Amino acid sequence: MAETDALPVVRSVAALRQTLSDWRRQGFTVGFVPTMGALHEGHLTLVREAGQRADRVVASVFVNPAQFAAHEDLGTYPRQEARDAELLAGAGCHLLFAPSVEEMYPAGATTTISVGGPAEGLEGEFRPQMFGGVALVVTKLLNQARADVAVFGEKDWQQLMVVRRLVRDLDIPTEIVGSPTMRDGHGLALSSRNAYLSEAELEVARQLNGVLAAAGAAAASGGSLDVVERDAREALLRAGFSHVDYVAVRRADDLAVFEGGVADAPGRILAAAWLGRTRLIDNMAVAAPS
Ligand code: PAF
């Protein structure tokens, strides 16, 4: 096992399994936090949550090529493993799994996972390759770690719903826990991609959560969802976003469209909008009208 100053690091599935089986032999339960690195306080909250729920915590850092389209930011996605290891250790993580692309996808690997249900529409429409790639890597990671519990951020709400569906459909015996979105003092959801924003873009980005909160409140008080979504899209463009992929209110759990055009059950408002070359996503709960 390699070791940074901060944290033991394993790079092979065999070494990961060896450490985790040693832990289990000692009677420890295992919590798992999958990440793509470039860690911020949001990820560390997931690690702390895993630490509340299990005796030992392993985090993975793997920038998964399968979930990026050719034109996306795989090549420039921020990578800072030594810093990540320090942050993980400080948050109570016990082990870092940082495999290579070859370890995760050995030559000749051809199996894919086909996703549906909550993967359809929203991110699934604008990033059609993404949830198949997420489902593949998350299935592999959950099989590799066989953790008791795995923690995912609610910031990627649709991803969380896709993962919940996946473990149900594929009988993966790991409990999936969602952890609330961490925000900065202005309400901006923490994201590794915020590092791409200029000061001026950051000012605009910080308005996204306010627009969603207002639109979510209008939806919760019975407003027509067509109107709520159109008004929110216009508000984002007025705030300075260069382009809006979607603003949508959907049923919270399966992300299905509200057929009656109003939110008559617990919902979620979700958005993706661009600032120059940076794409931001966010989402919030929409209470059902009482
Ligand atoms: O949310 C992420 O960082 C990634 O999509 C995940 C779950 C680690 C899979 O690569």
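Coordinate-derived values only; no laboratory data. What you are looking at is a predicted structure, and each value in this text was computed from that prediction instead of being measured. With ideal geometry, Cβ positions are generated from the backbone for all residues, glycine too; neighbour counts draw on all protein chains shown.
In this Cβ point-charge picture (+1 for Lys and Arg, -1 for Asp and Glu), region 176-290 has a dipole of about 200 debye about its Cα centre. If you plug the beta carbon distance of ALA82 and ARG164 into 1/(1 + (r/R0)^6) with R0 = 22 Å, you get a FRET efficiency near 0.10. Extending 7 Å from Cα along the Cβ direction at GLU125 and again at VAL227 yields two label points whose distance is 2.2 nm. Subtracting the Cα-Cα distance of ASP264 and THR29 from 0.36 nm times their residue separation leaves 80.6 nm of extension gain. Here, region 6-78 is characterised by an Rg to Rh ratio of 1.04, where Rg is the alpha-carbon radius of gyration and Rh the Kirkwood radius. Over the chain, dividing the summed -39,500 (n - 2.57) contributions of all DSSP H runs of at least 4 residues by the number of residues returns a 222 nm mean residue ellipticity of -11000 deg cm²/dmol.
So what's the angle, to the nearest 10 degrees on a 0 to 90 scale, between helix 225-239 and the longest Cα principal axis of the chain? So the inclination is approximately 80 degrees. Considering only ALA214, ALA147, ALA98, give the residue with the highest GNM mean-square fluctuation for the chain, with springs between Cα atoms whenever their separation is below 10 Å. Among ALA214, ALA147, ALA98, the largest mean-square fluctuation in the Gaussian network model of the chain belongs to ALA214.
Relative to the current alpha-carbon distance between HIS186 and THR112, full extension at 0.36 nm per residue lengthens the span by 22.7 nm.
For the chain, a Gaussian network of Cα nodes joined below 10 Å ranks TRP23, TRP157, TRP274 by mean-square fluctuation, and the top entry is TRP23. Among beta bridges identified by DSSP and lying wholly in the chain, the antiparallel ones come to about 55 percent. In the Gaussian network model of the chain, springs joining C-alpha atoms below 10 Å, which of ARG25, ARG17, ARG230 carries the largest mean-square fluctuation? Result for the chain, Cα springs under 10 Å: ARG25 fluctuates most. Computed from Cα atoms alone, the Kirkwood hydrodynamic radius reported for the chain is 19.9 Å. Across region 6-35, the residues whose backbone nitrogen lies under 19 Å from the label position 7 Å along the beta-carbon direction of SER100 are 9-17. Here's how it looks for MET182: its modeled amide H is under 5 Å from those of LEU190, which are all 5 or more places away or on a different chain. The convex hull around the C-alpha trace of region 129-201, projected and averaged over every direction, spans 6.0 square nanometres.
Between the beta carbons of ALA285 and LEU202, assuming R0 = 30 Å, the FRET efficiency works out to 0.75 to the nearest 0.05.
Packing order of peptides 217-224, 111-118, highest average first: 217-224, 111-118 (average count of other Cβ atoms within 10 Å over each peptide's residues).
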